[in-house]
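Worksheet for the structure shown next.
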Amino acid sequence: MTEPLSLARTKPARTKAGPAGAKPVPAAKPGAQPPYVIDAMERWLLFLDTLRERADNMIAHERQGMPPLLDFDYELLLDARSFERPANYALLRITRAGEDCWDDCVDETKPPVIIIDPRAGHGPGIGGFKHDSEVGMALHEGHPVYFVIFFPEPMPGQTLADVHYALRDFVTEVARRHPNATPVLYGNCQAGWAATLLAADCQGLVGPIVLNGSPLSYWSGAAQTSPMRMMGALTGGSWAAHLVADLDDGRFDGAWLAQNFENLQPEKAIWEKYANLFNHVDTERARFLEFERWWNGYYTLSREEILAITQNLFIGNRLERGEMALDAHCSIDLRRISNPIVIFASEGDNITPPQQALGWIARLYPDTGALKAAGQRIVYLTHETVGHLGIFVSGSVARLQHRAILAHLEAVESLAPGLYEMQIDQPKHDQRGAPDVRFVSREVENLGIANDDVALSHVARISQNNETAYTLFASPWIKAATSPASAEALRALHPMRWSRTMFSERVNPWMGLVKATAEALRQSRAPLPEDHPALMSERALLAHMGEGLAAWRKGRDAWLAHVFGALFGAEPLGETSTPASKNAGADLKERTK
């Protein structure tokens, strides 16, 4: 099992030839500009060299044990691999941000913030990927910051319950260190529903919970805004994940999840990302390599975990319905949560659309009166365009939305029970100034979340039947035919890996020539100006091709929605938004005019 070389240390050093080594782009010399064809050939060589650097960084990162990619120094406090119920999780304390140490940044009277990163195929780090991040904003507001990471490989037979109790022990330790302030749980995507489980189990935890792009209502939303849900239904349910885990010797390779994410919007993942790099290779190389170093680090789940996730959440929807059993002694009921909850979702997120982030509210509380009677305070805010990953890694989102959330947690706790929309005004003259925040009362009845309950209940039954048949008749034979060697070969041959590693000079000797040529080229390159007519035509052509791919993807999703409706008895629903999120979008447009 691979693991970081050391966690009681500073942030991991960048690999050789990484973004830190990028040289400034020389200015174009007047009268010495090359023809467009020469410039395009130079950019193509630099583009290939960037792919080489990505591949070499990926291999080096794997050999290092894929440590967390945090832009902050930290120390290891607890390692759950040594717990009575072991899990591949650990608790870190952030000790330094740049030149500032803990004592320079932290106000000990403020509540500690525990940031939990999602374990959904990639490694930890997006919550503190750069200075303008969730970690950075929490330190900026003076909060003591703790970060939950996980290791590349799960413990043998690890279950969701094992992870849950490890997280509970982490929160208990942080609470012990700060007895005068209740910890704030900050959960991203999968980690959001994991944080919710901590507040909803039979013991419950106090303190505000911030859910960023976190799905809790898996059957909510229109069909065309939830293509991942339809794809899972059309493959027959959880048996496919079971098969992949069996072929990987009891583990589920996170590369499959990353591939699913890219397939959701291929125009962005396999076209726009690379087209933008090629067009702006002189300036985008460092940013591209920094993000790709995290994106291409694939972590694994145990067979028990992936089956529990698919059967209880994505297909079974048991969390929202209060039917999810944590263990033999406790089931999860979201009505137990008394903690103030802040929900951050985006209309541009097709992995966790606002309907899946907010739909559970109306399921649990049929009207606003019921929510108030329960003494619960729920605050939501929506972004109009940012994608799923942008919720966590966008610097502008961190400086505005996440900073506003952390700066107004005390105000959230002081609200009367009810449902509120958090509206944020960005200062016009100082983009780093404190944003102006308002809490607008909303009605649960007006959320207007669409649901495919009948259709997805059919999917759940079919999935259960397929899973039973696979477990009885196929799984034993697959397990008998699988070995650690065959599992490693399957991983190496995964498209998400070989499509990257094929550009490494360790694998492809010709890339050594590309490297040498690119290094010499950077010394003398004089790029064309950004407003050069040929470059502008190139960008228009690339954008047009991306639009064509997006149109194909929309047609694919519409076809999937039609097939889904025909098979499972659901009317294909059109694009919808919650009235609340529409209000937020309209307000945002008005405020940014």
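The values are calculated or read from the model by the stated rules, or taken from the named source; none is laboratory data. Predicted model only: the values in this text are computed from it and were never measured. Ideal geometry is used to build each Cβ from the backbone, glycine not excepted, and the neighbour counts take in all protein chains shown.
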Item to check | Residues located in region 365-397, provided they are surrounded by 20 or more Cβ atoms within 10 Å (Cβ to Cβ), in a helix (DSSP H, G or I) and aliphatic (A, V, I, L, M) | outcome: 371, 391, 393, 397
Checklist entry - Which strands (runs of 3 or more DSSP E) does region 275-352 wholly contain that include 2 or more residues that are modelled with pLDDT of 95 or more and crowded, with 23+ Cβ neighbours inside 10 Å? => result 300-302, 341-346
Next on the checklist: Contact list please: Cβ distance under 8 Å, first residue in region 519-534 and under 18 Å from residue 49 (Cβ atoms), second residue of a type in the set (S, T, N, Q), pairs at least six apart or on different chains.
Outcome noted: 526/33
Checklist entry - If you check residue 187 against the conditions, is it farther than 24 Å from residue 331 by Cα and under 16 Å from the mean Cα position of the chain (by Cα)? => result no
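Does region 201-222 contain any residue that is part of a helix (DSSP H, G or I) and in contact (Cβ under 8 Å) with a residue 60 or more places away in the chain?
The initial filter retains those residues of region 201-222 that are part of a helix (DSSP H, G or I), namely none.
Within region 201-222, none of the residues are part of a helix (DSSP H, G or I) and in contact (Cβ under 8 Å) with a residue 60 or more places away in the chain.
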Next on the checklist: Whether any residue in region 462-480 is out of contact with any helix residue (DSSP H, G or I) (no Cβ under 8 Å at 6 or more places or on another chain) and in a strand (DSSP E or B) is what I want to check.
Outcome noted: no
Next on the checklist: Could you check region 62-103 and list, in sequence order, the residues that are basic (Lys, Arg) and within 13 Å of residue 165 (Cα to Cα)?
Outcome noted: 81, 85
Next on the checklist: Considering only region 176-197, I want to know if a residue exists there that is under 27 Å from residue 295 (Cβ atoms), modelled with pLDDT of 90 or more and in a loop (DSSP other than H, G, I, E, B).
Outcome noted: yes
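Report whether or not residue 271 is farther than 24 Å from residue 125 by Cα, hydrophobic (A, V, I, L, M, F, W, C) and touching a residue at least 24 places away in the same chain (Cβ under 8 Å).
On the way: farther than 24 Å from residue 125 by Cα: yes; hydrophobic (A, V, I, L, M, F, W, C): yes; touching a residue at least 24 places away in the same chain (Cβ under 8 Å): yes.
When the stated conditions are applied, residue 271 passes them.
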Checklist outcome for this item: Taking region 82-110 and keeping residues surrounded by fewer than 16 Cβ atoms within 10 Å (Cβ to Cβ), at pLDDT 95 or above and not in a loop (DSSP other than H, G, I, E, B) leaves 82
Next on the checklist: Looking at residue 356 and the list (1) surrounded by fewer than 19 Cβ atoms within 10 Å (Cβ to Cβ); (2) not in a loop (DSSP other than H, G, I, E, B), which single condition is not satisfied?
Outcome noted: (1)
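Kindly establish whether residue 38 is surrounded by fewer than 23 Cβ atoms within 10 Å (Cβ to Cβ) and either under 29 Å from residue 273 (Cβ atoms) or under 19 Å from the mean Cα position of the chain (by Cα) (or both).
Numbers: surrounded by fewer than 23 Cβ atoms within 10 Å (Cβ to Cβ): yes; either under 29 Å from residue 273 (Cβ atoms) or under 19 Å from the mean Cα position of the chain (by Cα) (or both): yes.
Yes: the conditions hold for residue 38.
Residue by residue, here is whether (1) surrounded by 19 or more Cβ atoms within 10 Å (Cβ to Cβ); (2) under 22 Å from residue 470 (Cα atoms) holds:
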position	(1), (2)
215	yes, no
221	yes, no
239	yes, yes
245	yes, yes
249	no, yes
252	yes, yes
259	no, no
265	yes, no
Checklist outcome for this item: Within region 73-123, of all residues that are in contact (Cβ under 8 Å) with a residue 40 or more places away in the chain and hydroxyl-bearing (Ser, Thr, Tyr), the one nearest to residue 262 (Cα to Cα) is 89
Next on the checklist: Could you list, ordered by first residue, the pairs with Cβ atoms under 9 Å in which the first is in region 322-345 and more than 17 Å from residue 191 (Cβ to Cβ) and the second is of a type in the set (Ser, Thr, Tyr) and modelled with pLDDT under 90, at least 6 apart or interchain?
Outcome noted: 322/331; 323/331; 325/331
Checklist outcome for this item: Those residues of region 130-148 which are surrounded by fewer than 24 Cβ atoms within 10 Å (Cβ to Cβ) and within 17 Å of the chain's Cα centre (by Cα) amount to 130, 132
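Could you tell me which of the residues 153, 173 is farther than 18 Å from residue 409 by Cα and either assigned to a loop (DSSP other than H, G, I, E, B) or not assigned by TED's automatic domain parsing to the domain that holds residue 321 (or both)? Before the answer, list the steps.
Details: 173 fails: either assigned to a loop (DSSP other than H, G, I, E, B) or not assigned by TED's automatic domain parsing to the domain that holds residue 321 (or both).
Exactly one residue qualifies, and that residue is 153.
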Checklist entry - Does region 273-285 contain any residue that is aliphatic (A, V, I, L, M), assigned by TED's automatic domain parsing to the domain that holds residue 478 and in contact with a Gly (Cβ under 7 Å, 6 or more places away or on another chain)? => result yes
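Do we have any residue at all in region 150-164 that's over 30 Å from residue 302 (Cβ atoms) and touching a Ser or Thr at 6+ places or on another chain (Cβ under 9 Å)?
Checked against the condition, which is being over 30 Å from residue 302 (Cβ atoms) and touching a Ser or Thr at 6+ places or on another chain (Cβ under 9 Å), region 150-164 yields no hits at all.
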